[in-house]
Amino acid sequence: MRLGINLGYFGAGNDADNLAVAQEADRLGYAVCWAAEAYGSDAATVLSWVAAQTTRIDVGSAIFQIPARTPTMTAMTAATLDVLSGGRFRLGLGVSGPQVSEGWYGVKFDKPLARTREYVEVIRQAMRRERVDHQGANWTLPLPGGPGKALKLTVHPVREHIPLYIAAVGPKNLELAGEIADGWLGVFYAPEHSEVSLAHIRAGREKAGLTIADFDVVPTVPLVVSDDPKLAADQVRGYAALYVGGMGSREQNFYNRLAVRMGYDAEAREIQDKFLAKDYAGAGAAVPFDFIDKTSLLGNRERIADRMQAYADTGVTTLTIAPNGNTLDERIAALRVAAEALDLSGRG
């Protein structure tokens, strides 16, 4: 199992700290540094900035939002980042959610599975440097009856195949990720509930005539180093409450549904009720310690090592951490503890 680092969203005032975290992860031998986007900073610019100031670590989008770009634009961006980074780019994709897709991009959030499949088909064709000729429900290239012609990508990536990941939460999207991607970007992954997700990914692999053995399973987990796991969990409550309670509408919250599938149905309902009523402190308090503990790395080096072993035992191949800390020094120290814990676990 390898380690990754997730820098989250930029623009919150800690951008210099995030760069220092990425550079320390690079020095420690972490495999990949991911950056996210929602409706603030875009991931491509951030990844260019990080790649220019690191040497070994891969840089990956977690995620590029599908409604934000045409598939050919994403292929151009991926190829350019691969060239500029010296072959260190990983392409992570996701459909985002209805509020962002329709509210920020003006793209109807309908048939996300079909849209994702078609998007990846166009990207794959472009990245093979074939002339892009695609007639689909969402994209037609070139447009018929006009001056447009089938074109091919003029930039040649460093690698013939850039790894492609899909961020997926729901069962059908998980199966699609297994079928058409090289890896999966997961969230709220608990070793004790791994089959909630991995069973669907395996089904997708089998559908494509593939196995999960060559598939990168990449959950992102919060990391808080502390001698008191319960106190450490308090640093994660706001994040968990935001996703389980407030990410999307009451009717369309994929993370809430995931918590329900993991057995936290009553708790998920309470968290959502309080969050949507703007009782954010109450929503955070309603997140069970058990849920946070199972989906995070909390505690001292030895406890973290035990949890890392549990993650590896379920088939996680890249464990991406989001180090929590009140200062840059605390976040850097957490990175070092995680690297030591992986060595201690014997699964690195």
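Before moving on, here are some points about what is shown:
- Output for the stretch 272-288, where each listed residue is part of a helix (DSSP H, G or I) and either under 23 Å from the mean Cα position of the chain (by Cα) or of a type in the set (G, A, S) (or both): Q272, A281, G282, A283, G284, A285, A286
- Scanning the stretch 250-285 for residues that are basic (K, R), in contact with a helix residue (DSSP H, G or I) (Cβ under 7 Å, 6 or more places away or on another chain) and surrounded by fewer than 20 Cβ atoms within 10 Å (Cβ to Cβ) yields R250, R261.
- Summed over the stretch 240-263, residues that are under 16 Å from the mean Cα position of the chain (by Cα) and either small (G, A, S) or assigned by TED's automatic domain parsing to the domain that holds T327 (or both) total 1.
- In the stretch 174-217, the residue that is farthest from A126 (Cα to Cα) out of those that are polar (S, T, N, Q) and either more than 18 Å from the chain's Cα centre (by Cα) or surrounded by 21 or more Cβ atoms within 10 Å (Cβ to Cβ) (or both) is S197.
- In the stretch 25-60, residue modelled with the highest pLDDT [restricted to those that are charged (D, E, K, R) and under 23 Å from W184 (Cβ atoms)]: D58
Residue-wise test of (1) under 30 Å from A240 (Cβ atoms); (2) without any contact (Cβ under 8 Å) to a residue 60 or more places away in the chain; (3) among the charged types (D, E, K, R).
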site	(1), (2), (3)
V158	no, no, no
H161	no, yes, no
Y165	yes, no, no
A168	yes, no, no
N173	yes, no, no
L176	yes, no, no
D182	yes, yes, yes
G186	yes, yes, no
Y189	yes, no, no
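- Every condition in (1) outside the structural domain of F109 (by TED's automatic domain parsing); (2) more than 17 Å from T295 (Cβ to Cβ) is met by A203 except one, and the failing one is (1).
- Close pairs (6 angstrom Cβ cut-off, 6 or more residues apart or separate chains): without any contact (Cβ under 8 Å) to a residue 40 or more places away in the chain and not assigned by TED's automatic domain parsing to the domain that holds G92 in the stretch 104-123, crowded, with 19+ Cβ neighbours inside 10 Å and not in a helix (DSSP H, G or I) anywhere: none
- Flag if R115 is at pLDDT 95 or above, touching a Pro at 6+ places or on another chain (Cβ under 6 Å) and under 23 Å from V187 (Cα atoms): no
The values are calculated or read from the model by the stated rules, or taken from the named source; none is laboratory data. Just so it is clear, the model here is predicted, and its values are computed rather than measured. Cβ coordinates were reconstructed from backbone atoms using ideal geometry, including for glycine residues, and neighbour counts include every protein chain displayed.
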